[in-house]
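For reference, the structure discussed in these notes is given below.
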Amino acid sequence: MRKVARTVPAPSEMGTEVIGIPEGAELELKLRLEAVMEGVLVSGTVSGVAVGECIRCLEEVRLPLETSIAELFSYPENRVAEDDDEDVRLVEEDLINLEPALRDAVVLALPFQPVCREDCPGLCSECGARLADDPGHQHEIADPRWAALQGILADGVPGPAADGGRDDEKES
């Protein structure tokens, strides 16, 4: 058994389109490597800071992330004949490639819908203003049943009831 604690730069594609650990950012690895009959068992934790954007207001989000990892890397001679399963990780020339296992662990630990804070009000659906900056933000929204009448008042043209009667009665 061997314990390893290292800080390494994050590889590319350590996240989703919304949030992830940027390439080159620090990843802290605290791992234990154990020789077992089938291969090498790697277990421990991965820590870093995920960066993305809030799904409600589109502001930058920085979330500390710590997740566990447990992965078995099999010796090639213990591999089942003709087993081409991509999920089987191998010890190749006394080396193991941790990157795919780290990527899987980190991506699964990321929030599906990151928010800057739990009570984030988001953006105004009418104009796109950030509601956290202006909590009293609102728009005058007319009842859609009166929309046709709003057009009459907006033109400044008086309707038939405004002059007291019908057009044919004026000339008498």
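The values are calculated or read from the model by the stated rules, or taken from the named source; none is laboratory data. Given the structure is predicted, the values throughout are model-derived calculations rather than measurements. All Cβ positions, even for glycine, are placed from backbone atoms using ideal geometry, and neighbour counts span all protein chains on display.
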Given the criteria exposed (fewer than 12 other Cβ atoms within 10 Å of the Cβ), modelled with pLDDT of 80 or more and within 30 Å of Thr7 (Cα to Cα), does Leu102 qualify? no
Counting only residues that are within 19 Å of Val42 (Cα to Cα) and out of contact with any Lys or Arg (no Cβ under 7 Å at 6 or more places or on another chain), how many does the stretch 12-29 have? 2
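Rundown of residues vs (1) surrounded by 13 or more Cβ atoms within 10 Å (Cβ to Cβ); (2) modelled with pLDDT of 95 or more, yes/no style:
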| position | (1), (2) |
| --- | --- |
| Val40 | yes, no |
| Val46 | yes, yes |
| Thr67 | yes, yes |
| Asp87 | no, no |
| Glu93 | no, no |
| Asn97 | no, no |
Hey, Gln138 modelled with pLDDT of 60 or more, more than 30 Å from Ile69 (Cβ to Cβ) and polar (S, T, N, Q) or not: yes
What are the pairs, 6+ residues apart or on separate chains, where a residue within the stretch 17-43 that is free of Cβ contacts under 8 Å to residues at least 40 places away in the same chain and assigned to a strand (DSSP E or B) has its Cβ under 6 Å from a residue that is surrounded by fewer than 18 Cβ atoms within 10 Å (Cβ to Cβ) and of a type in the set (Asp, Glu)? Leu41/Glu34
Among the numbered criteria (1) out of contact with any Lys or Arg (no Cβ under 9 Å at 6 or more places or on another chain); (2) modelled with pLDDT of 90 or more, which single criterion is violated by Gly52? (1)
Of the residues that make up the stretch 145-165, is at least one modelled with pLDDT of 70 or more and touching a helix residue (DSSP H, G or I) at 6+ places or on another chain (Cβ under 6 Å)? no
